[in-house]
Each structure stands twice: as C-alpha cells, then as structure tokens.
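Chemist: Below is a structure I'd like to ask you about.
The values are calculated or read from the model by the stated rules, or taken from the named source; none is laboratory data. Quantities reported herein were computed from a predicted structural model and do not represent experimental measurements. So basically every Cβ, Gly included, is an ideal-geometry build from the backbone, and we count neighbours across all protein chains shown.
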Number of protein chains: 2
Amino acid sequence: MHIQGDMIIGRQAVRGSAGALRAYNPATHAEMEPAFGTATEADLDRACRLAEQALDAYRAVPLEQRARFLETIAEQILAIGPVLIERASAESGLPTARLEGERMRTVNQLRLFAKVVRDGHFLEATLDSALPQRTPPRPDLRMRKIPLGAVAVFGASNFPLAFSVAGGDTASALAAGCPVVVKAHNAHLGTSELVGKAILAAAIECGMPEGVFSLLIGEGNQIGADLVSHPAIKAVGFTGSRSGGLALMRIANARKEPVPVYAEMSSINPFFLLPGALAANTQKLASGFVDSLTLGVGQFCTNPGLVIGLEGEAFNAFCVAAAEALQAKTAGTMLTAGIHKAYVDAVERRAGIEGVQLLARGGEQGAGCAAQAALYQCDAATFLANPALEEEIFGPASILVRCRDEAEMLAVAQHVEGQLTATIHATASDRALAGKLLPTLERKAGRILFNGFPTGVEVSHAMVHGGPFPATSDSRTTSVGATAIERFLRPVCYQDVPSELLPEELRDDNPLGLARVVDGELTITA
Amino acid sequence: MHIQGDMIIGRQAVRGSAGALRAYNPATHAEMEPAFGTATEADLDRACRLAEQALDAYRAVPLEQRARFLETIAEQILAIGPVLIERASAESGLPTARLEGERMRTVNQLRLFAKVVRDGHFLEATLDSALPQRTPPRPDLRMRKIPLGAVAVFGASNFPLAFSVAGGDTASALAAGCPVVVKAHNAHLGTSELVGKAILAAAIECGMPEGVFSLLIGEGNQIGADLVSHPAIKAVGFTGSRSGGLALMRIANARKEPVPVYAEMSSINPFFLLPGALAANTQKLASGFVDSLTLGVGQFCTNPGLVIGLEGEAFNAFCVAAAEALQAKTAGTMLTAGIHKAYVDAVERRAGIEGVQLLARGGEQGAGCAAQAALYQCDAATFLANPALEEEIFGPASILVRCRDEAEMLAVAQHVEGQLTATIHATASDRALAGKLLPTLERKAGRILFNGFPTGVEVSHAMVHGGPFPATSDSRTTSVGATAIERFLRPVCYQDVPSELLPEELRDDNPLGLARVVDGELTITA
C-alpha cells in the first residue's frame, strides 16, 4: 500500500487543500515523504455532517454485522503488512518488535469489542412489566442503551497503533454504534493514513453507511478545537498531555450543548515499596523498576515516576542498585522532537529543586531525539512541600521518596493527585501496612497492583485504564478494556411502546438471547 | 416532632448563626414559624469534612447493613406522621393527598435502593483469570465499582419529599456508599428539617459513621457555590431551573478538580398527535392532555408544554376540546411567589410573540400564588423560527403546533432540544409515521411514551428520567430508578491483589453470591 498524503472523508480518500504537513523521523531528524494535505473548514464540516447522517443507519445495523465490521478492520490492518510497521517505526522511533506487539494488541482489541458487541450485555436491556391492576397502574417500561452520536478521537503520540486511528477509543465508539471522526496525530501521519484506509476498506466490505468513519489532518490546535466544537460531535476521546486534555474539556464545556470529553492526561503512578518486600527483593525490585521506567524510553502513561519507601538500609541498597541499573541503560530515541525537548527541560528543572538530589543518569545522550534516563531522590517532607515534584515528566525519569515512618508514607499516599495506577510491593509481613494504604489508593487510582510493574495494560474485561482527575477527565470510565464501550452510550426508556416498534433487544421473545434485567432480576437465557 | 429551625451537621442538630430564614406559605402569603439559622462558612466546611472522613468507614459497611440504613430512613420518615404532610402542604401549597402519595413514593424509592444494594449488581464485579503461561503472562485482574466520594444534593421546589432531602439523589448516593450533604431548599425548610432528622435518627440507629449525612441551610446562591466548590465534594445532584443547573456546572468545571454535576434542568416534553389517534380519540386526548398539563399546577418536569399535530378537522376539534377543558380548570396555588411571578411573566411574553394565538385561559386567578392555565397555538413555521417558543414555562402553559404535513412534523421533532420525555399518540394506522419519528425522538429524549401522558414517573428498574442537554447536564444517566446509583460510582481494578486484601465481592469464593462477569462470561450463582 502506497502512502499518498490523504485524509478520508466518508467513502473517499481526499487530499486536503488548506496546507501541507510532513511526517518527521525523530532518529534522523529528517522530514519524510509524502506531503499530507490539511483539512479546510469545509472538509471538517463535511466529515462531521456525514458522521451525523450515518448515525441512525449505523446504529440500526444488526449486532452481528457490527461485530463483523470490527473484525474486518482487524483483518484489513493485518493485511497492510510490513509497510505499516516500517512506517510507524520511522515516524515514532519505536522498534519494530514493539510495534508488531502493538499491532497485535490493536487487532485483539478490535476482536474483544466484536465479542462485546455480540454479547449485547452493554445494551443493559431492562424490562419492568406493566401492572394494570395497581393504583395507579404501572405502564410497561423497557430500557436499553443507545449510542451518544458521532465521536471525535484524538490519538496519542506514544501508541501510533493502539491509541490512534483504530485504537481503543475508535474501537469502543464503533462498538457502541457511534460514527467516528479521527484527527490524525501529526507525529504519525503515514501510519494514520494506512490504518484509516484499512478502516475504509472494512466499512465498504461490510456495507457500512457512508460517514461511519472519517480521518482528518490538520496543523496546530485549531482543527482540534473546531472538531470538538462541531455540533454533530457528541463525545470526545483523547489521550495526551494534561494541557491538551484541559483545553479540550474547556472547549467542550463552552459549547451550546456541552459534550463529554474522555481525556487520559497525566499520571506519575506511585510505586510503594513496603519494608518486607524491599528487604527480601532489593536487587530484583531495583532492576524490575528500572526496566519498567525505561521501557519504551519511559513514554508510557503508566510509567513509574514516583517511588516511595521507608528510609533505612534496604532503601539505601535499593537506591544504589537502581542507580546502577539506570546507568547501564542506553539512551533511546523519543517519539518527537517536541517531546524530547520537553523531557530535557523537565529533567533540568527537577535538578534545580532544593532538597532534590540526582541519584543517577542513564547512558549518554546520542544524536537525534535520544533521552538520557534520570533518577532523583528526596525526603517525604520535600516531596509534600513541592507541587512541582508531582508533575509528570514524560520520559524515563523518576524520583525516589524516603519516608521516616509509616505515617509519612500514608501522608504521601493521601497527598498525591489522581492516578492511573498505584503499585504496592509487599510480602506477608507487610500486610498490615498494605491494608492501611489500600483504601487511600482506591480513592486515588483506577488500578492497584501488587508486586508488579504498572507498565503493560492488559486489554480485558476487568481492566481499568482510568482514574481520578487529573489522571483522566472522568474517573467513572476506562479507556482500555471491555467497559470502555460504556463511555459512548446513554439509556432510553420505552413506555408502552407497541411490540412491532420495539428494538429487538427489548422484545418479549428476546430474539437476541440477551442477559436482561426483568422486574428487577438479572436473567440469562440458556 | 417539633420544628426548631435546625441544620444537621454530623451527629448533631445545629443552629446556624450566619443569619435567619423563614419558610413562606404561598397560599396565604404569610411567613411561617420558626426562624431557621443559616450556615456559616465554618458550618459548611465542617459538614463537608465530616462527609469526607466518613467515606472510608461508610463504604466499608456491609451491603446488608447499608440496605437496612436505607430502609430505616423510610421507617423514620413514616414515623414523623401527619405533621410532615401538614408542614409540606403549608410550605408548598400542594394538597395533602398529593403529598401523601409523594411520601409513599419517597419511601418506596428508599426501599428500591435497599434492594439494589442487596443485589450488589451495581458493583459490576468482573474477574479475569491470570494466564501465567501466556507470553506475556496475563496477571489476575478484578474490577468493582466504588463510591465517588461525598455528594452535594440540591432539592427541587416541586417535590418537597421525593426530590429533596431524602429524595432520589440522596437515596441513590447513600446506596452507592457516598456520604451526602444536602442544601435545604428554602421553599420547604420545615419539611427539610423533619426529614433530615429522620435520616439522622436512622443513621444513629444503624450505627453509621458520623458525617454520612448533613443538612445545611443558607440564603441565596453563595452557599450552593461554596458547597459545589468544596474539595471534599466529589459529585453534585441537582433538580431545578436551567439557569441554576448551568451555574452549578460552571462552578464544578472551574474547580481545581472538576466534578460531575447531575442537573435535571428543563424540558417541554413534546407530545405528538398522529392523525389516526387524533381522529379516533379527539375528546379523550384533549381532556387527558389538559389533565396532565394542569396536574400539580403544571409544576412537573415532564409537563407537556408542546403539542404537535397535523392540521385538519381532527386537530381543530382537538383545539376546541382542549380549550374547553382548560377553561374548566380552576387556578391552583403555585409553590412559591417567585415561581408564580416567573409564570405570569412568561405567559405574558408568549402572548406577545408574532404568529402565536391564545387559545384559552384557565379559571380566573384568585388570591395568593394561584396560576391561571394558558393554551396557545401557532403553525410549525412560526415554532421553527422562534427559539423563545422552545423555552420551558414552569406551570400550566402549553402550545399547540399545527404542521402542514408529515415532513413538517418530522422537522419539528428534529428541531427540538434535548428532552426528558417525548410522547406519541398513534393507532395501528399511524405506525409508519410513528416509525419515522422514533429514531429522531430516541436521539432527543430519555423516555419515549406511546398513548400515555408524560407526567407520572415510575420508580423502577427500567425508568430513565434523564435526557440530552438541556434536559439534563449528563444524558448518560437517570435521576429516577434503580440505575440512578451508577452516577455515584467509579471502577477500580485490582491486579494480583492478595486474596486476604481483596474486597468480598471479588473473592474467589464469591461470598456475597453476586452475579459477576468471569473471563468475559456473565455468571449468576444459583
């Protein structure tokens, strides 16, 4: 497949005429071919109007066919072949093995949502029988979920496949029955075109209505603002920086009709080393932590940017071992020149904070956008007094916080902002302290891990990739896993609606064989 | 029980010292005894802090005990006896029979949420087994919902019991495990104190932690703004005007940590008369519509404020019959002097709009805050061109819109803003047109009724009392019915958490006997 610099609007590849953009190779500092045309206001409006017009037809597509559409997207992505991995690697600096894994994750995610669609449990079909003899009589009431409407999706720089054009937001929105308009990430324009055309091919193959998917290209923030402001857009999915997420929230709230924004923004993922675990596994914890910190050049939302332990011999030994492990890590190429510059600046700022000591730097910074890892330490009082130490550094930098006692460790837990994850390393002897930390961490994070590392987010039914603000804009949801579909649905109640006008999922004979709540009891058909 | 002018903060009845307020009898225009003390900033802060402190203890209370707490509140409300009804009637102008019905609805709502709590389905317990042999290995993942935190509740003027101190927002928040801080509605201060003390008595009887419930009194908008701004508050429930709801949304979004606002605001509840139904039941439809319009002096969120029909003989006959029925309705006392004045002004404004004809007025306006019903008509072109005709008039006023043809009727359906309800009157001969209206109305409303009247909102599992903006601030939710509990929950994932630290609902042996999703399959234990 040849990359042509196209957008996709409805059923057509369209060349934008507002301006031109090129992808950039962060390893070689070279601009890449071809040039991509950017969207005019009319292009954006057309994509949004087509999405709105597609809504009723798309949500009426039978669930089996909707599931097949998701599976066909997966097949079409695989059919692109090695060019997808090569282009994504050139645009992102990520190694091909990592991108092959990410492609499989993207494909499996689409297949998971196909299963979710077939199950139909997300419809939450609920029936209350009429009680005509009651005073006053109770009408026949039936409830199901329907899609919110067209969804705008903004991909992330750090996952050019799994959180981008056909990533979790797109997959869950399409699964919910929502048409999707993606704004391509400028850091991987060619990758976006390849995947966008795979979705288009699947939409045509499966007979989906025109407008079910569009892909727009544009420079700067204006196109994003215009997309979120468009009246046809009814929800927004975003993965990126806190400033970017907050900007989209402001725009969405200022609309005549405000719409929900699901922004996954920033997290430093506190990592608690309890005394028993730290003493028992000092070396293993140190190397595991440094591996997790430097994985993908530290460019994961769940990167462990804050380590908390109790002062003492074991903690000192951990610091030494972690420093050594970090020094042995070679500098990796970051995703973009902008991310690299922000990382270098943030690391420098942190070094200048009073009470913060630099423990170690990783291998020397080479050419291109290579990032040298950085490890700091401070005491809990310094951490608690300095809000700047809570800011996410996107990249392989972390700070080790020494606590005098358990009370100070609990104080740090209570102090931190909302997080995607919180990790506890504990042995049986640490159970009492772990039990004290747990209720606080439940209030702070979307996912709590024991004796593991937060990087690596499983795509499954029980996953929560979310958390209280500012980790996300909406703690009630997850952007990864089966329940991500719930973000794009709303309930509708049907009162005394004649059976021939009822949707299939609410008919008496339950033709779809759904699990339903009937008169308050959850029932599963055999 | 004697009304003393108290607030409730934690376990104590407290007399506010910031100022004094009195309830007002809208029928006699008389201020009522006693004076109520209003909250100082310190009172508000204390109530919110206690709520925050109560959270971990309250959410750890076993589900059975939490359910008993809700049932005990119901018992304590019934135990207040006739003084509750008398006071509520004097404060609201509502007849005692209506208030007795509303008390039963309030009590049944608490009992429904007790059942919801016992079922435990709201926890959405989900388990994914570890796959240690997979590459990479899958960890053990378990998900449940936990409460968001302390909830601020603002009651409605028009339901001094069912949407107030112990109304749907409070009941569903307590059911979710959230402590509640209610801001008493100034239109029914005495009713609020009586119900607040019933909740306090139940909390003490059931051994609930201090701070699980507080009731604050205050004048003007400042106390509401302070409450929504308080860092301890993690969600807001509100039923009232559009301007009030929008103001709370702005405050909540401007917080350092934005929080969700569930505001039920305004709806004109379009009421479609299809030709077959209109011809077959002209008289019955006219009298049923006027009964629904004037029920409770038109002071229902689901009041039918917009009627749409096709021009012709049947529609003309409907207009005549509705006008006659309306003229026969006597003027009823409105809830407050402010609501009455707003109604009189709005009715006057509407009469001045070009293309709008007054069809009929109800019985003469008497003394006090009595409201004379009003019925207008216009053609569809006038309605579509004039946004003022879409504004909710809170009270017994409605407008009949004549459409030239089906296309114009569909255009009106597509034009209206988000609504709580939409009603279709149709016989078998109207099915084709009803089928065309349905997809549009699903996108506009939270509840769709056939051949009924929108006033009367059943408290059950399938009810949706919600809808797209501006009907509510969040179309993804309902404020009435079992699923209202979902507004106050968020998911947490537990990865490889040792079994002795797992919450009961996620343990292998499922001690609570919950329905759970296990490896993607919904399972119900026998």
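Chemist: Do we find that A:ALA432 is modelled with pLDDT under 95, more than 9 Å from chain B (Cβ to nearest Cβ) and farther than 22 Å from A:VAL259 by Cβ in this structure?
Modeler: Considered against the rule, which asks whether it is modelled with pLDDT under 95, more than 9 Å from chain B (Cβ to nearest Cβ) and farther than 22 Å from A:VAL259 by Cβ, A:ALA432 comes out as no.
Chemist: Just give me the residues in the stretch A:6-29 being touching a helix residue (DSSP H, G or I) at 6+ places or on another chain (Cβ under 9 Å) and more than 28 Å from A:ALA175 (Cα to Cα), in sequence order.
Modeler: Initial filter on the stretch A:6-29 (touching a helix residue (DSSP H, G or I) at 6+ places or on another chain (Cβ under 9 Å)): A:6-14, A:16-18, A:21-29.
Once the filter is applied, which keeps residues that are touching a helix residue (DSSP H, G or I) at 6+ places or on another chain (Cβ under 9 Å) and more than 28 Å from A:ALA175 (Cα to Cα), the stretch A:6-29 yields A:GLY16, A:SER17, A:ALA18, A:LEU21, A:ARG22, A:ALA23, A:TYR24, A:ASN25, A:PRO26, A:ALA27, A:THR28, A:HIS29.
Chemist: Take B:ALA328 and tell me if it is surrounded by fewer than 21 Cβ atoms within 10 Å (Cβ to Cβ), touching a residue at least 40 places away in the same chain (Cβ under 8 Å) and more than 22 Å from the chain's Cα centre (by Cα).
Modeler: Details: surrounded by fewer than 21 Cβ atoms within 10 Å (Cβ to Cβ): yes; touching a residue at least 40 places away in the same chain (Cβ under 8 Å): no; more than 22 Å from the chain's Cα centre (by Cα): yes.
No.
Chemist: Still on this model: Looking at (1) assigned to a strand (DSSP E or B); (2) within 24 Å of A:ALA35 (Cβ to Cβ), can you tell me which one A:ARG87 breaks?
Modeler: Going through the list (1) assigned to a strand (DSSP E or B); (2) within 24 Å of A:ALA35 (Cβ to Cβ), A:ARG87 breaks only (1).
Chemist: Considering only residues that are surrounded by 22 or more Cβ atoms within 10 Å (Cβ to Cβ) and among the aliphatic types (A, V, I, L, M), which ones fall in the stretch A:224-240?
Modeler: Within the stretch A:224-240, A:LEU227, A:VAL228, A:ILE233, A:ALA235, A:VAL236 qualify.
Chemist: Residues of the stretch B:507-526 being within 9 Å of chain A (Cβ to nearest Cβ) and among the aliphatic types (A, V, I, L, M), which ones?
Modeler: Here is the first cut: in the stretch B:507-526, the residues within 9 Å of chain A (Cβ to nearest Cβ) are B:515, B:517-524.
Passing the criteria: B:ALA515, B:VAL517, B:VAL518, B:LEU522, B:ILE524.
Chemist: List the residue pairs whose Cβ atoms are under 9 Å apart, where the first residue sits in the stretch A:100-120 and is more than 12 Å from chain B (Cβ to nearest Cβ), the second is surrounded by fewer than 18 Cβ atoms within 10 Å (Cβ to Cβ) and assigned to a helix (DSSP H, G or I), and the two are 6 or more positions apart or on different chains.
Modeler: A:ARG103/A:LEU78; A:VAL107/A:GLU75; A:VAL107/A:LEU78; A:VAL117/A:GLU64
Chemist: Being charged (D, E, K, R) and in contact with a strand residue (DSSP E or B) (Cβ under 8 Å, 6 or more places away or on another chain) is the filter; apply it to the stretch B:133-188 and report the residue that is nearest to B:ARG59 (Cα to Cα).
Modeler: The initial filter retains those residues of the stretch B:133-188 that are charged (D, E, K, R), namely B:134, B:138, B:140, B:142, B:144-145, B:169, B:183.
Then keep just the ones that are in contact with a strand residue (DSSP E or B) (Cβ under 8 Å, 6 or more places away or on another chain); that gives B:138, B:140, B:142, B:144-145, B:169, B:183.
Values: B:ARG138: 30, B:ASP140: 24, B:ARG142: 18, B:ARG144: 13, B:LYS145: 11, B:ASP169: 17, B:LYS183: 22 Å.
The qualifying residue nearest to B:ARG59 (Cα to Cα) is B:LYS145.
Chemist: When you go through (1) over 26 Å from B:PHE469 (Cβ atoms); (2) in contact (Cβ under 8 Å) with a residue 12 or more places away in the chain one by one for A:ASP508, which number turns out not to apply?
Modeler: (2)
Chemist: Looking at the stretch B:394-435, which of its residues are under 23 Å from the mean Cα position of the chain (by Cα) and either surrounded by fewer than 23 Cβ atoms within 10 Å (Cβ to Cβ) or not assigned by TED's automatic domain parsing to the domain that holds B:ALA346 (or both)?
Modeler: The first filter runs over the stretch B:394-435 and keeps only residues under 23 Å from the mean Cα position of the chain (by Cα), leaving B:394-398, B:416-424.
Correct list: B:VAL416, B:GLU417, B:GLY418.
Chemist: Check whether at least one residue in the stretch B:39-47 is assigned to a loop (DSSP other than H, G, I, E, B), farther than 22 Å from A:PRO439 by Cβ and under 27 Å from the mean Cα position of the chain (by Cα), and report yes or no. I'd like the intermediate steps shown before the answer.
Modeler: Keep residues of the stretch B:39-47 that are assigned to a loop (DSSP other than H, G, I, E, B), which gives B:39-40.
With farther than 22 Å from A:PRO439 by Cβ added as a condition, the list becomes B:39-40.
From what is left, the residues that are under 27 Å from the mean Cα position of the chain (by Cα) are B:39.
Yes, that holds for at least one residue.
Chemist: Is it the case, given these coordinates, that A:LEU215 is in a helix (DSSP H, G or I) and crowded, with 24+ Cβ neighbours inside 10 Å? Step through it out loud before you land on a result.
Modeler: On the way: in a helix (DSSP H, G or I): no; crowded, with 24+ Cβ neighbours inside 10 Å: yes.
Criteria not met by A:LEU215.
Chemist: If the Cβ limit is 6 Å and pairs must be 6+ apart or interchain, which residue in the stretch B:130-159 that is over 30 Å from B:LEU522 (Cα atoms) and more than 9 Å from chain A (Cβ to nearest Cβ) pairs with which residue that is crowded, with 24+ Cβ neighbours inside 10 Å and acidic (Asp, Glu)?
Modeler: What qualifies is B:VAL153/B:ASP169.
Chemist: What number of residues within the stretch B:435-457 satisfy the criterion of being basic (Lys, Arg), more than 8 Å from chain A (Cβ to nearest Cβ) and closer than 12 Å to A:VAL492 by Cα? Steps first, please.
Modeler: Filtering the stretch B:435-457 down to residues basic (Lys, Arg) leaves B:436, B:443-444, B:447.
Next, only the ones that are more than 8 Å from chain A (Cβ to nearest Cβ) stay: B:436, B:444.
From what's left, closer than 12 Å to A:VAL492 by Cα: B:444.
Of the residues in the stretch B:435-457, 1 are basic (Lys, Arg), more than 8 Å from chain A (Cβ to nearest Cβ) and closer than 12 Å to A:VAL492 by Cα.
Chemist: Taking the condition in contact with a Pro (Cβ under 7 Å, 6 or more places away or on another chain) and on the phi > 0 side of the Ramachandran plot, does A:ASP519 pass? Give the derivation first.
Modeler: Details: in contact with a Pro (Cβ under 7 Å, 6 or more places away or on another chain): no; on the phi > 0 side of the Ramachandran plot: yes.
Spelling it out, it is not the case that A:ASP519 is in contact with a Pro (Cβ under 7 Å, 6 or more places away or on another chain) and on the phi > 0 side of the Ramachandran plot.
Chemist: To continue, here is another question. Any residue that is surrounded by fewer than 20 Cβ atoms within 10 Å (Cβ to Cβ), touching an Asp or Glu at 6+ places or on another chain (Cβ under 8 Å) and over 30 Å from A:LEU123 (Cβ atoms) - is there at least one of those in the stretch A:81-91? Can you show your working first?
Modeler: So the first thing to find is which residues in the stretch A:81-91 are surrounded by fewer than 20 Cβ atoms within 10 Å (Cβ to Cβ), and the list is A:81-83, A:86.
Those still in the list that are touching an Asp or Glu at 6+ places or on another chain (Cβ under 8 Å) too: none.
Scanning the stretch A:81-91, I find no residue that is surrounded by fewer than 20 Cβ atoms within 10 Å (Cβ to Cβ), touching an Asp or Glu at 6+ places or on another chain (Cβ under 8 Å) and over 30 Å from A:LEU123 (Cβ atoms), so the answer is no.
Chemist: Here's something else I'd like to know. So, in the stretch A:226-244, of the ones that are over 20 Å from A:CYS178 (Cα atoms) and not charged (D, E, K, R), which residue ends up farthest from the chain's Cα centre (by Cα)?
Modeler: Start the filter on the stretch A:226-244 by keeping residues that are over 20 Å from A:CYS178 (Cα atoms), which leaves A:240-244.
The next check asks that each one be not charged (D, E, K, R); those that pass are A:240-241, A:243-244.
Numbers: A:GLY240: 8, A:SER241: 12, A:SER243: 16, A:GLY244: 14 Å.
Checked the stretch A:226-244; the qualifying residue farthest from the chain's Cα centre (by Cα) is A:SER243.
Chemist: So, one more: Give A:ARG516, A:ARG507, A:ARG447 a once-over and let me know the one that is surrounded by 22 or more Cβ atoms within 10 Å (Cβ to Cβ) and either among the acidic types (Asp, Glu) or closer than 30 Å to B:ARG111 by Cα (or both). First the steps, then the outcome.
Modeler: Working: A:ARG507 fails: surrounded by 22 or more Cβ atoms within 10 Å (Cβ to Cβ); A:ARG447 fails: either among the acidic types (Asp, Glu) or closer than 30 Å to B:ARG111 by Cα (or both).
So the residue among A:ARG516, A:ARG507, A:ARG447 that is surrounded by 22 or more Cβ atoms within 10 Å (Cβ to Cβ) and either among the acidic types (Asp, Glu) or closer than 30 Å to B:ARG111 by Cα (or both) is A:ARG516.
Chemist: Let me ask you something else. In the list B:ALA279, B:ALA286, B:ALA317, which residue meets the criterion of being crowded, with 20+ Cβ neighbours inside 10 Å and either assigned to a helix (DSSP H, G or I) or within 19 Å of the chain's Cα centre (by Cα) (or both)? Give the steps one after another, and end with the answer.
Modeler: On the way: B:ALA279 fails: crowded, with 20+ Cβ neighbours inside 10 Å; B:ALA317 fails: crowded, with 20+ Cβ neighbours inside 10 Å.
Among B:ALA279, B:ALA286, B:ALA317, only B:ALA286 is crowded, with 20+ Cβ neighbours inside 10 Å and either assigned to a helix (DSSP H, G or I) or within 19 Å of the chain's Cα centre (by Cα) (or both).
Chemist: Inside the stretch B:92-116, can you point out the residues that are surrounded by fewer than 19 Cβ atoms within 10 Å (Cβ to Cβ) and assigned to a loop (DSSP other than H, G, I, E, B)?
Modeler: Matches in the stretch B:92-116: B:PRO95 only.
Chemist: From the list B:LEU161, B:LEU131, which residue is buried (at least 24 other Cβ atoms within 10 Å of the Cβ) and either assigned by TED's automatic domain parsing to the domain that holds B:LEU227 or of a type in the set (Lys, Arg) (or both)?
Modeler: Details: B:LEU131 fails: buried (at least 24 other Cβ atoms within 10 Å of the Cβ).
Sole residue among the options that is buried (at least 24 other Cβ atoms within 10 Å of the Cβ) and either assigned by TED's automatic domain parsing to the domain that holds B:LEU227 or of a type in the set (Lys, Arg) (or both): B:LEU161.
Chemist: Just checking, does the stretch A:162-176 include any residue being more than 14 Å from the chain's Cα centre (by Cα), on the phi > 0 side of the Ramachandran plot and within 14 Å of chain B (Cβ to nearest Cβ)? Before the answer, list the steps.
Modeler: Just the residues of the stretch A:162-176 that are more than 14 Å from the chain's Cα centre (by Cα), to begin with: A:174-176.
Of the ones still in play, those that are also on the phi > 0 side of the Ramachandran plot are none.
Looking for residues that are more than 14 Å from the chain's Cα centre (by Cα), on the phi > 0 side of the Ramachandran plot and within 14 Å of chain B (Cβ to nearest Cβ), one finds none in the stretch A:162-176, hence no.
Chemist: Please work out which residue is surrounded by the most Cβ atoms within 10 Å (Cβ to Cβ), limiting yourself to the stretch B:245-267 and to residues that are in a loop (DSSP other than H, G, I, E, B) and within 15 Å of the chain's Cα centre (by Cα).
Modeler: Of the residues in the stretch B:245-267, the ones in a loop (DSSP other than H, G, I, E, B) are B:255-260, B:265-267.
With the extra rule that they be within 15 Å of the chain's Cα centre (by Cα), the set shrinks to B:265-267.
Working: B:MET265: 25, B:SER266: 25, B:SER267: 29.
That would be B:SER267.
Chemist: I've got another one for you. Only one residue in B:ARG138, B:ARG111, B:ARG142 is in the same structural domain as B:VAL228 (by TED's automatic domain parsing), at pLDDT 95 or above, under 19 Å from the mean Cα position of the chain (by Cα) and more than 29 Å from B:ILE223 (Cα to Cα). Which one? So that I can check it myself, show each step before the final result.
Modeler: On the way: B:ARG138 fails: under 19 Å from the mean Cα position of the chain (by Cα); B:ARG142 fails: under 19 Å from the mean Cα position of the chain (by Cα).
Of the residues listed, the single one that is in the same structural domain as B:VAL228 (by TED's automatic domain parsing), at pLDDT 95 or above, under 19 Å from the mean Cα position of the chain (by Cα) and more than 29 Å from B:ILE223 (Cα to Cα) is B:ARG111.
Chemist: Go through (1) at the interface with chain A (Cβ under 7 Å from one of its Cβ atoms); (2) buried (at least 19 other Cβ atoms within 10 Å of the Cβ); (3) acidic (Asp, Glu) and name the single condition B:ASP496 misses.
Modeler: (2)
Chemist: Name the single residue, out of those in the stretch B:458-484 being among the aliphatic types (A, V, I, L, M) and farther than 28 Å from A:LYS256 by Cα, that is nearest to the other protein chains (Cβ to nearest Cβ).
Modeler: So in the stretch B:458-484, the residues among the aliphatic types (A, V, I, L, M) come out as B:459, B:462-464, B:471, B:480, B:482, B:484.
From the residues that got through so far, the ones that are farther than 28 Å from A:LYS256 by Cα too are B:459, B:462, B:482.
On the way: B:VAL459: 10, B:ALA462: 4, B:ALA482: 7 Å.
Ranking the qualifying residues of the stretch B:458-484, first place goes to B:ALA462.
Chemist: Would you please name the residue that is nearest to B:PRO511 (Cα to Cα), looking only at residues in the stretch B:54-65 that are within 25 Å of the chain's Cα centre (by Cα) and crowded, with 22+ Cβ neighbours inside 10 Å?
Modeler: Filtering first and then ranking leaves B:TYR58.
Chemist: Kindly establish whether B:LEU359 is touching a helix residue (DSSP H, G or I) at 6+ places or on another chain (Cβ under 9 Å) and modelled with pLDDT of 95 or more. If you could, list the steps in order and put the result at the bottom.
Modeler: Values: touching a helix residue (DSSP H, G or I) at 6+ places or on another chain (Cβ under 9 Å): yes; modelled with pLDDT of 95 or more: yes.
Taking the combined requirement at face value, the residue satisfies it.
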